[in-house]
Amino acid sequence: NPVHELGYIRLAQYLEGKHRYAETFEVLRDAQKHIPDSITLIRLEGRLFQGLGMYPEAEKFYTEQIEKKPDNPLFFLDRSQMYWRVKNHELALEDARKAISLNPDLFDSHYLIGVILGRKTDPENLEMISLALEALISASKINNKNPDVWLRISDLWQRKGESKKAMLAMFRAVELSPESKFYLRRYTVLQEKE
């Protein structure tokens with residue numbers, strides 16, 4: 001069945017798991033010939049480039065996909081994540097914002113913007129912290145079940161000197177992931193400071 005998308009996906013994942021990368025690329029490219037509209041297959045190929053650390057190839061690949069389908073926010077998101085990995089923060093932000101302009105409900109784009117803007121600077125830039133907080137709060141409105149979002153929100157509130165808000169956000173992370181020793185420890189430290 002040459003148009004069975006899931007079959008190609010499973011085979012590609014199997015080959016990748018066995019470190020047979022050349023064959024993985026072959027399967028994904030063959031699959032795209034049979035199913036040219038499959039966004040999943042395209043994204044898998046892009047992730048394979050990234051997973052192998054082939055960032056120039058990944059950038060070229062994503063740029064080609066964006067030229068073919070400029071209204072697809074997922075390609076902008078994927079390229080944004082790739083730029084973040086190679087520490088090109090400006091291009092990562094640009095692509096993440098473009099993804100949001102195409103799909104305002106894309107959790108990963110809001111989250112990534114929050115992470116990029118929230119990275120620690122010396123001295124601390126309160127305006128950047130506020131923008132990061134805004135992005136992460138937007139992400140939490142799309143998916144409020146992600147404990148890492150609440151951890152990051154807590155950290156940003158703490159950096160702004162808002163200890164009560166930091167504690168509330170951390171409590172939410174602990175509620176979502178009570179088995180996490182890291183979250184519990186951080187929540188305890190915030191309580192002790194309060």
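The values are calculated or read from the model by the stated rules, or taken from the named source; none is laboratory data. Everything quoted here is computed from the prediction, not taken from an experiment. Methodologically, a virtual Cβ is constructed for each residue, glycine included, from the backbone with ideal geometry; neighbour enumeration extends over all protein chains shown. Ligands, DNA and RNA are excluded from the accessible area calculation, which covers all protein heavy atoms including side chains. Shrake-Rupley method; radii C 1.70, N 1.55, O 1.52, S 1.80 Å.
Between helix 55-68 and the chain there is an angle of about 80 degrees, using the helix long axis and the longest principal axis of the Cα atoms. At q = 0.13, 0.15, 0.17, 0.20 Å⁻¹ the log10 of I(q)/I(0) for segment 77-144 amounts to -0.32, -0.42, -0.54, -0.74, computed by Debye summation with a single uniform scatterer per C-alpha, solvent ignored.
Here the accessible area of the chain is 53 percent carbon and sulfur, with a 1.4 angstrom probe and all protein chains present. Of the GluC sites (Glu not before Pro) found in segment 127-181, the ones in coil according to DSSP and having at most 15 other Cβ atoms within 10 Å of their Cβ are E162, E179. The convex hull drawn around the Cα atoms of the chain, when projected onto a plane and averaged over every direction, covers 12.8 nm². Shape verdict for segment 105-166, please, from the Cα gyration tensor: rounded (a/c under 1.5), prolate (a/b greater than b/c) or oblate. Judged from the Cα gyration tensor, segment 105-166 comes out oblate (a/c at least 1.5, b/c at or above a/b).
Over all Cα atoms in segment 30-132, the spread is summed up by Rg and Dmax: 14.7, 53 Å. Across A96, A139, A12, mean-square fluctuation computed from a Gaussian network of the chain (C-alpha pairs under 10 Å connected) peaks at A12. If you fit an axis through the alpha-carbon atoms of helix 163-176 and take the longest principal axis of the Cα set of the chain, what angle between them do you get, 0 to 90°, nearest 10? With both axes taken from Cα atoms, the answer is about 50 degrees. Taking trypsin sites (Lys or Arg not before Pro) across segment 75-129, the ones in a DSSP loop with at most 16 further Cβ atoms lying within 10 angstrom of their Cβ are K87, R119, K120.
Working note: Cα atoms of segment 29-72, range along each principal axis, descending, whole Å: 27, 22, 12. When a/c reaches 1.5 or more, the comparison of a/b and b/c decides; with that in mind, is segment 89-194 rounded, prolate or oblate per its Cα gyration tensor? Judged from the Cα gyration tensor, segment 89-194 comes out oblate (a/c at least 1.5, b/c at or above a/b).
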